[in-house]
1. In whole Hz and in residue order, list the ³J(HN,Hα) couplings for segment 327-333 that follow from phi through the Karplus curve 6.51 cos²θ - 1.76 cosθ + 1.60, θ = phi - 60°; x for Gly and Pro.
2. Between Leu239 and residues 5 or more places away or on another chain, which pairs have amide H atoms under 5 Å apart, with H built 1.01 Å from N, and which residues are they?
3. Return the sequence-ordered ³J(HN,Hα) values of segment 95-110 in whole Hz as given by the Karplus equation 6.51 cos²θ - 1.76 cosθ + 1.60 applied to θ = phi - 60°, using x for Gly and Pro.
4. Tell me which of Pro279, Thr201, Gly229 sits at the most positive position along the dipole axis of segment 168-284, charges placed on C-beta atoms (Lys, Arg +1; Asp, Glu -1).
5. Taking neighbour Cβ counts within 10 Å as the exposure measure, how do Leu417, Leu482 sort from fewest upward?
6. Identify the chymotrypsin sites (Phe, Trp or Tyr not before Pro) of segment 121-225 meeting these criteria: DSSP loop state and at most 10 other C-beta atoms within 10 Å of the C-beta.
7. Given a cut-off of 31 Å, name the pairs among Lys364/Lys468; Lys203/Lys364; Lys197/Lys225; Lys235/Lys404 whose C-alpha atoms lie farther apart than that in the structure shown.
8. If amide H atoms are built 1.01 Å from N in the plane of the peptide, which residues on other chains or at least 5 residues away come under 5 Å of the amide H of Leu227?
Amino acid sequence: MRISLLKRLLTLFLILFGAASCAQIPIADFEEFAPYRQRFSDSKKMRVPVILIPGIKGSILKKGDKEVWGRSYRVTLFHKFDDLKLDLAPQLQYNFKQYYYQTDISSGGIMKAYRIGFRKWTIFKIPIYDDIEELLREVGYDENTLFTFSYDWRLDNRISAVQLALMVKDVQEKYRTFLEDSLGKSFDAYWKQLENKNLVTSKGQVRVNIIAHSMGGLVSRYYLKILDGCDQTNKLIMLATPNLGSMDSLRALSEGEHPESVVRFYAKRKTRPVIFSWPSMFQLLPRYKGALCRVDCTSVPNEDWGLSGEDIDFNKVITKWAEYNLIPAEEPVAKRFLKFQLKDAYYFYRAINDQPEINYEENKLKQVIDFLDVRKQEIQFTYSPNCSPNRVIIFGGHCKPTLKYAFLNNKDNRNDLIFDSSNENDLQCSGRSRGDGRVPVESIVLSTKEVGGIFHFLMCEDHVGVVKNRTFQYNLLRELLLME
């Protein structure tokens, strides 16, 4: 037992050390970007604000001064998810606001890197979003033009979208003040250039560029579609966003997952009730056709599982989830909670795909405004059908084996889901497809009917690696600096 644990620790250490030692420090050494290697105020090269949005688990969460998810040695080495559980009952009642703020958990910035070490000493770190920040700073972005948006990734993505809308307003005001102070008499001429390039909104504010990784893309799309973000956004650049969901979310609800700790002695199944309590997890469920299959490889209608369809019988859906042991929580309220979250996630999915239930989303917005104590006049429900900013650019991976299908197993008097068919001799089909290791290609790409003009860049890269990929970084700079 001890030998096995030591081997696991040694292997993990070597893998992590290798990843850290091989990581490239991003250097903006592409010739065409050389003129931009100065601060904006020095070079006068046109730049509009950039907001970087991480994916699920990409923001640090803190309880007071204590990190409950983030970079500390305790979180990195021994995290068990226990502090991240949300009680189910308050989420179904009006008092969720009171319950949530009593937990005193708040966002504490984005996860720039995984830190491996002790309280005061860092052995090494694995960059996550550090690379993008360094790259942009090397071409002149600074505290007036580069911003990061952190959020509680467990909550309904609508809440995060409203917080993003508030941040955009603050960024726009800060940017205009910065221009007026730094340009002086040249401000009017410069602002006219922005207007000529369609970089100014109908309300006279600068349009921002959004770079969103993974679930951050869903937050951004809701902001664009429902919260007037279309007028406020110049370009939306999405990386590995599960636009049609990811099978990994259903697998996590069924089996649990290792909480990304180096020491993986904590049984995955113990994390299931924690993951089940996150509303965002239901908004990540797979919604592409044929996500669930029978063992003969014929697909099961998504409507049977509450994942699509006009007239879903959610009572039957809950019975199906219970039959396949997909309700890990033992509380009596669990089934009611599941029914609510599946329905709520279904409407969220419709909203970002130009089929919103207007009354439902307006009511949800009122609830979010109350939850965040936001003045109603600051956030307005503004549905933007067929919204398309100047450009929507999607980056993703296409060459990694990626879990796409799950199979219904009805053998041995038990019902469960098979998520990896590679060892199942009785299955003639594979549960995997091409993607980035977490999101299949079919979920990354979007049709032009849904968003308007879209540009896709698919690379041979994994879900996190796409952020650090040099092809992505080069094209990112082209979009931000040369394509205005």
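Just so it is clear, none of the values below were taken in a lab; they were calculated from the coordinates. Being a predicted model, the structure only gives us computed values, none of them experimental. Counting neighbours? That spans all protein chains shown, and the Cβs are built from the backbone with ideal geometry, glycine included.
1. 10, x, 6, 9, 4, x, 7
2. Ala212, His213, Ser214, Phe395
3. 7, 4, 4, 5, 4, 4, 6, 6, 6, 6, 9, 9, 6, x, x, 8
4. Of the options given, the answer is Pro279.
5. Details: Leu417 19, Leu482 10.
Starting with the residue having the fewest Cβ neighbours, the order is Leu482, Leu417.
6. Values: sites: Trp121, Phe124, Tyr129, Tyr141, Phe147, Phe149, Tyr151, Trp153, Tyr175, Phe178, Phe187, Tyr190, Trp191, Tyr222, Tyr223; in loops: Trp121, Tyr129, Tyr141, Phe149, Tyr151, Trp153.
Loop-located and lightly packed - Trp121.
7. Lys364/Lys468
8. Residues meeting the criterion, in which the H sits 1.01 Å from N, are Thr382.
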